[in-house]
Amino acid sequence: MTSKQTLLAVFVAGAFMSAHAATSPTPPLTAGGSFAATPAPALAPIKEVDRIIAVVNKQVITQFDLDQRVKQALDNLKRQHVTPPEAEVLKHQVLEQMITEDVQLQYATNNGITVDDADLDRTIAQIAKQNKVTVDGMYAQLAKDGVTQAQFRADMRRDITLDRLKQREVESRVTVTDTEVEQVLKSANTSNRSDYHLATILVSVPERASAKDIEAKSKRAEAALADVKAGKEFAQVAASYSDAPNALKGGDLGWRPATSLPPELASLLETLQPGDSSGVIRSPQGFYIFKLIEKRAQGAAQMVEQLHTEHILIRTNEAVSESDARAKIDQIRDRIARGASFEEMARLYSEDGSNTRGGDLGWVNLGDTVPEFERAMVSLPLNQVSNPVRSPFGWHLIKVVGKRTQDVADQRERLAIKQQIRSRKVEQAYLDWVRQLRDSAYVQERLDDNQ
């Protein structure tokens, strides 16, 4: 015991004795002049103190925090009918996910990315509307599943913050050129009109990994592949080994068209049957294993509804807070309501590339914009200006000036390819950015400590 600990122990013991002497009655004397024995007080039950599981920069993750997230992960895996990995493996997977999230959330806070209660309430109301229930009804259903209102709101605030951070730090910086689209159109991939439902396992390799680290990661990927080949459920192996954000969702990537995939991967998938898995594939992010869940032929082009849309965008960033951006978009809307031209306001104030065209986005297909923007857009009468709309890009005013149904086979294919290229580039850039942020953070894990 150190001198500091000894002094503390003496102080605590002395304080206890003083307090006991001040509050306990003096025992009565017996006939012989001695004090009567006093029954010893019952000892209070010992309570386990919440311990620190990890230190992330200047913040901590506690055992209680981890237990809560492990329970959520188990519930999610159960709903997806995925067999969970062993308890200790799951704890490590969940802890690593929490550390990665904490690093991002701290970065978001330090760079002025926040979600106020009004934003949170709007998002929750939209989720309830999508599920065709009231907000109170949704909270009641969550309570039946063991999720408190406070916990749900905290989870939603975290997810919205992470989405906004990803948009600002990664998505807003990713561009796709017409040349890239042309290259895809000219490649052999365009002859492959298949869609693939994929799952993946990613064993991530740090950016400055040593040869020893790379070898260890390679062996981990091979161990995962061995489990897959031995007949273990791919989703369970993904939950046990994968470092990807979707690891605890069984590694499911959803449907991907062939044109969105690197040519080598699309060619490989053509040799697989549904249910088959690839070998270990090296990439700049690490080691991948893919599983082909389903395959389907792409359907013929269809008539699509289009909306001729204009908008004004005010972004939030390090210099512009959420409240300042909202105040500015409110002022612009007020000026339009008092007779100012929407197009002129867009040219003067909009922070989108469409500002030189008076905010004109042209004919927009349904599904081409983010959900928040589209919901407001489709509900607008012609030539009416929306209320301020929050999206991952910032605050918008939206105006729809025309509607039509159009056969856009060629245009749609080009647009789809552009979106697919963008999606792939965003995924890769996001994984790289998060990996760099995680590597630069101070992290101390204590999960396996005995004390």
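No lab work stands behind these numbers, since they all come straight from the coordinates. Keep in mind that this is a model prediction, so the values were computed, not measured. Cβ placement follows ideal geometry from the backbone for every residue including glycine, while neighbour counts extend to all protein chains displayed.
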What residues have an amide H closer than 5 Å to that of residue 295, excluding those fewer than 5 places away on the same chain, when H is modeled at 1.01 Å from N in the peptide plane?
197
Rh by Kirkwood over Cα pairs, then Stokes-Einstein D for the stretch 303-407 at 0.890 mPa s and 25 °C, µm²/s:
178 µm²/s
Placed amide H near residue 286: partners under 5 Å, 5+ positions off or other chain
205
Between residue 356 and residue 180, what's the calculated FRET efficiency when r is the beta-carbon distance and R0 is 41 Å? Round to 0.05.
0.95
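Please go through the residue pairs 71/144; 58/91; 166/219; 229/291; 91/249 and name each one whose alpha carbons sit more than 19 Å apart in this structure.
Values: 71/144 15 Å; 58/91 22 Å; 166/219 31 Å; 229/291 11 Å; 91/249 15 Å.
Violating the 19 Å limit, Cα to Cα: 58/91; 166/219.
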Cα-projected label distance for residue 334 with residue 216, points at 7 Å along beta-carbon direction, nm
5.9 nm
List, in order, the whole-Hz ³J(HN,Hα) value for each residue of the stretch 379-387 obtained from phi through the Karplus relation with A = 6.51, B = -1.76, C = 1.60 and θ = phi - 60°; use x for Gly and Pro.
8, 7, x, 4, 6, 9, 8, 6, 5
Placing each pseudo-label 7 Å from Cα in the direction of the beta carbon, residue 110 and residue 447 end up separated by a distance in nanometres of 2.4 nm
Any residue on another chain or 5+ positions along whose placed amide H is under 5 Å from the amide H of residue 403 is listed here as 308
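Send over the Kirkwood Rh of the stretch 52-172, from the inverse of the averaged 1/r over different Cα pairs, rounded to one decimal Å.
Working: mean 1/r = 0.0623 Å⁻¹.
Hydrodynamic radius (Kirkwood, Cα pairs) of the stretch 52-172 is 16.1 Å.
Length gain on complete extension for the stretch residue 83 to residue 436, per 0.36 nm per residue less the alpha carbon to alpha carbon distance?
Numbers: separation 353, 0.36 × 353 = 127.08 nm, distance 3.13 nm.
Working it through step by step, the gained length comes to 124.0 nm.
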Summing +1 for each Lys or Arg and -1 for each Asp or Glu, what net charge is found among the other residues whose Cβ lies under 14 Å from the Cβ of residue 401?
+1
If you average 1/r over all unlike Cα pairs in the stretch 150-239 and invert the result, what Kirkwood radius do you get in angstrom?
17.9 Å
Among 345, 405, 394 - extreme Cα towards positive end, dipole of the stretch 303-407, charges at beta-carbon:
345
HN-Hα couplings for the stretch 219-229 via Karplus (6.51, -1.76, 1.60; θ = phi - 60°), in whole Hz with x for Gly/Pro, come out as 5, 5, 5, 5, 5, 5, 4, 4, 5, 4, 5
Calculate, in nm to one decimal, what residue 58 and residue 75 gain on full extension: separation in residues at 0.36 nm each, minus their alpha carbon distance.
3.1 nm
Apply the Karplus parameterisation 6.51 cos²θ - 1.76 cosθ + 1.60, with θ equal to phi minus 60°, to every residue of the stretch 274-289 and state each ³J(HN,Hα) to the nearest whole Hz, in sequence, with x for glycine and proline.
x, x, 7, 10, 7, x, 7, 10, 7, 9, x, 7, x, 10, 10, 10
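Restricting attention to the stretch 282-339, which trypsin sites (Lys or Arg not before Pro) occupy a DSSP loop and are surrounded by at most 10 other Cβ atoms within 10 Å?
On the way: sites: 282, 291, 295, 296, 315, 326, 328, 333, 335, 338; in loops: 315, 338.
Here the trypsin sites (Lys or Arg not before Pro) that fit, given the DSSP loop and packing criteria, are 338.
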For 413-419, 85-91, ranked highest to lowest by mean beta-carbon neighbours within 10 Å, the order is 413-419, 85-91
